[in-house]
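A short worksheet on the structure shown next.
The values are calculated or read from the model by the stated rules, or taken from the named source; none is laboratory data. Every value quoted in this text rests on a predicted model; they were computed, and no experiment measured them. Glycine also receives a Cβ, built like all others from the backbone with ideal geometry; neighbour counts cover every protein chain displayed.
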Amino acid sequence: MRLFGFSPTRTTRPMWTLAELGMDYEAVTEDVFKHPELKKYHPLGRTPAMDIDGKGLFESAAMCTYLADLNPDKELISPSGTWERAMHDQWTSFALTEMEAWGWSTFRSENLMPDDERVPEMYDYNRNAYRKSAAALEMALADSDYLINNKFSVTDIIVGWTCHFTTRLGYNDGFDNINAYVERLMARPKCALPAIELALPRS
Ligand SMILES: N[C@@H](CCC(=O)N[C@@H](CS)C(=O)NCC(=O)O)C(=O)O
């Protein structure tokens, strides 16, 4: 098994999941975006990408879910068909589509696009849209440390990366529960999330 990518990108999600599960793999980190095989495993040439016995798997949440499913004894995820699994699907879909996507739009424009393709007009809109959604997670974390049955799971690895990323963007001011959640996750011994460094020149 090979994992293409490096921290603090979304590669941190499968990296952390693999550590929690105690699975061996080869990390491909050097010049990864220029790696001749990356496009074989990720159609857009992005990271993370996985080579699993020659088959490609992309999308960090799909990787984490698959890896956790491979190791039911580790109890990092509940089986399909259970309410807990539905809650996993709910919170991961919510984090990726209703929270992370807004921040990613700004981050990508600001950091990865050439000057003439940046869209700074969208930044306030993206931040506001993020905050409307994040208020729902803030409420869900009011009386629980972790998202599924108050027990750490792969759901927290996936959603936790989103919250760590948006904290780096300066999006979580006043969301005390989300900020405490990120700190709680970062204190876990196998956590692969790095120390918070602001990712945008503006908040
Ligand atoms: N939804 C994808 C996002 C993949 C993605 O955009 N990865 C970033 C790094 S975190 C990347 O490869 N960026 C390079 C680019 O956008 O050109 C996932 O969660 O795996």
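For the reader, a short list of remarks on this structure follows.
- All of 38, 57, 18 fail the test of being touching a Phe, Trp or Tyr at 6+ places or on another chain (Cβ under 6 Å), closer than 21 Å to residue 159 by Cα, at pLDDT 95 or above and among the hydrophobic types (A, V, I, L, M, F, W, C), apart from 18.
- In the stretch 24-36, the residues that are of a type in the set (A, V, I, L, M) form Cβ pairs under 6 Å with partners that are away from the ligand (no atom under 13 Å from the Cβ) and at pLDDT 95 or above, at six or more places apart or across chains, as follows: 28/2.
- Residue count, the stretch 151-203 (criterion: surrounded by 13 or more Cβ atoms within 10 Å (Cβ to Cβ), of a type in the set (S, T, N, Q) and either free of Cβ contacts under 8 Å to residues at least 24 places away in the same chain or not assigned by TED's automatic domain parsing to the domain that holds residue 125 (or both)): 1
- Applying the criterion of at least 1 residues that are under 22 Å from residue 140 (Cα atoms), assigned by TED's automatic domain parsing to the domain that holds residue 129 and away from the ligand (no atom under 16 Å from the Cβ) to the helices (runs of 4 or more DSSP H) found wholly in the stretch 40-111 leaves 83-94.
- Failed condition for residue 23, given (1) hydrophobic (A, V, I, L, M, F, W, C); (2) within 12 Å of the ligand (Cβ to nearest atom); (3) part of a loop (DSSP other than H, G, I, E, B): (2)
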